[in-house]
């Protein structure tokens, strides 16, 4: 393993050096140039090496969809606990290998002068990740050797140290970065060349667009326009109520792709497990409020999830590019339960539906019947029970915070 990681680090260094090549003229004057052809060749070698390393780590296998999503979007990797850190790090290595394979089909012009950011970001992500992975593996070996040493003696094992990365970047995004990125987007169509665009800041901006796209997707699936107050003004409280509603009614199975209403009066079928979509939605929200430069392979993973969710699809003789393979049964009952859900969240709220019952976010396989009084009563009881659970969870959290504040010394 070490020899392969050494080789990958060497290739990262070679890519970096090719983009800042030192040359001297006949008089001994030093200048620096970018050798794009050399950088391209070294980068392609790097992609093959990373893909091979990822395959070696997984031995031809791959992580489950759920494990991969949790590792990339939720897991807080604590390298001080190498045993628990190793599995999510392996998932990161797997996704990095997939990105390497993707880039082999995208980075195809040896003379291209605007691959710099891709070269640099991939090298940074690769070195940062493999340094952590190697450290976790070495620590596990060290802990095993230490146990043997304590039991049977012999030479004491040497405690491993983390490898130093050769390339780095500033992960934070400041107001000045946003200033340049926004200006570049606004004037993109009048620029003579894209070589000078701030790609470092532009690519993460896609996360904000994906968050908006997800928000529109959930709204279109249910088929409403907006939630307003008694005066007809949109209520900010309900900007993400579409996803809250869908995830609240998901089935009990961990990998379920279906949300079902009270007494199974309606259902929504999605092409991706709801738990994974929930992780993606939370990750996009967190990025929007705390922006930074995410690993390229993680951002690409989120893009692929959205791409799968919105991929043009067909149902019978119907084909559409407006949404993915999303199906609804019992649409009338769905509308009614959504209204009940919103009203329980805020009694002043009112749902404004699309005109003439128009629906653009899913295949409506069955309109169904309007729910009877008994089903309506069950819907209201379920919404009340959901609110009580949320209140109880918030109360427990607040009590825990209070106890911590009372007994924790600043």
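The values are calculated or read from the model by the stated rules, or taken from the named source; none is laboratory data. None of these values were measured; they are calculated from a predicted model. Cβ placement follows ideal geometry from the backbone for every residue including glycine, while neighbour counts extend to all protein chains displayed.
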Handout entry: Inter-residue pairs, beta-carbon under 6 Å, first farther than 21 Å from residue 323 by Cα and in region 363-382, second surrounded by 17 or more Cβ atoms within 10 Å (Cβ to Cβ) and modelled with pLDDT under 85, 6+ apart
Key = none
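Condition check ((1) in contact (Cβ under 8 Å) with a residue 12 or more places away in the chain; (2) under 30 Å from residue 279 (Cα atoms)) across all residues:
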| position | (1), (2) |
| --- | --- |
| 9 | yes, no |
| 54 | yes, yes |
| 64 | no, yes |
| 70 | yes, yes |
Practice task
Can you confirm whether region 322-329 contains a residue that is in the same structural domain as residue 214 (by TED's automatic domain parsing), more than 20 Å from residue 266 (Cβ to Cβ) and more than 30 Å from the chain's Cα centre (by Cα)?
Solution key: no
Fill in the blank from the handout: Log entry, pairs with first residue in region 226-249 being in the same structural domain as residue 278 (by TED's automatic domain parsing) and closer than 26 Å to residue 275 by Cα, second being at pLDDT 90 or above and assigned to a loop (DSSP other than H, G, I, E, B), beta carbons closer than 6 Å, six or more apart or on different chains, reads 227/235; 227/349
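Filter region 325-348 down to residues that are out of contact with any strand residue (DSSP E or B) (no Cβ under 8 Å at 6 or more places or on another chain) and part of a loop (DSSP other than H, G, I, E, B), then give me how many there are. Working first, answer last.
Pass one, region 325-348, residues out of contact with any strand residue (DSSP E or B) (no Cβ under 8 Å at 6 or more places or on another chain): 332-333, 336-337, 340-341, 343-348.
Now restrict to residues that are part of a loop (DSSP other than H, G, I, E, B): 346-348.
Here the count works out to 3.
Out of 90, 102, 61, which single residue is modelled with pLDDT of 85 or more and part of a loop (DSSP other than H, G, I, E, B)? Even if it seems obvious, please write down each step before you answer.
On the way: 90 fails: part of a loop (DSSP other than H, G, I, E, B); 102 fails: part of a loop (DSSP other than H, G, I, E, B).
Matching residue, one of 90, 102, 61: 61.
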Practice task
Take region 309-328 and flag every residue that is surrounded by 13 or more Cβ atoms within 10 Å (Cβ to Cβ) and closer than 26 Å to residue 94 by Cα.
Solution key: 309, 310
Practice task
Of the conditions (1) within 25 Å of residue 300 (Cβ to Cβ); (2) outside the structural domain of residue 371 (by TED's automatic domain parsing); (3) within 26 Å of the chain's Cα centre (by Cα), residue 179 clears all except one; give me its number.
Solution key: (1)
Exercise for the section: List the number of the failed condition for residue 357; all other conditions in (1) at pLDDT below 75; (2) at negative phi; (3) in the same structural domain as residue 223 (by TED's automatic domain parsing) hold. Expected result: (2)
Exercise for the section: Answer yes if at least one residue in region 265-277 is surrounded by fewer than 19 Cβ atoms within 10 Å (Cβ to Cβ) and over 30 Å from the mean Cα position of the chain (by Cα), and no otherwise. Expected result: no
Problem - Filter pass, residue 5 being surrounded by 15 or more Cβ atoms within 10 Å (Cβ to Cβ), within 30 Å of residue 144 (Cα to Cα) and in contact with a helix residue (DSSP H, G or I) (Cβ under 7 Å, 6 or more places away or on another chain) - result: yes
Handout entry: Some residue of region 399-406 being under 31 Å from the mean Cα position of the chain (by Cα) and farther than 30 Å from residue 220 by Cβ
Key = yes
Problem - Residues of region 105-119 satisfying the condition of being farther than 22 Å from residue 171 by Cβ and assigned to a helix (DSSP H, G or I) - result: 105, 106
Practice task
Spot the failing condition for residue 75; the list is (1) within 23 Å of residue 300 (Cα to Cα); (2) free of Cβ contacts under 8 Å to residues at least 40 places away in the same chain; (3) assigned to a helix (DSSP H, G or I), and only one is missed.
Solution key: (3)
Practice task
Kindly list, by first and then second residue, each pair from a residue in region 179-199 that is free of Cβ contacts under 8 Å to residues at least 40 places away in the same chain to a residue that is surrounded by 11 or more Cβ atoms within 10 Å (Cβ to Cβ) and in a loop (DSSP other than H, G, I, E, B), limited to pairs with Cβ atoms under 7 Å and residues at least 6 apart or on different chains.
Solution key: 180/198; 181/198; 184/197; 184/198
Exercise for the section: Scan (1) surrounded by fewer than 16 Cβ atoms within 10 Å (Cβ to Cβ); (2) within 28 Å of residue 231 (Cα to Cα) for the single condition residue 337 breaks and write down its number. Expected result: (1)
Handout entry: Flag for residue 144 being loosely packed, with under 14 Cβ neighbours inside 10 Å and part of a loop (DSSP other than H, G, I, E, B)
Key = no
Handout entry: Residue satisfying all of: in region 174-220; touching a helix residue (DSSP H, G or I) at 6+ places or on another chain (Cβ under 6 Å) and outside any helix (DSSP H, G or I); modelled with the highest pLDDT among these
Key = 197
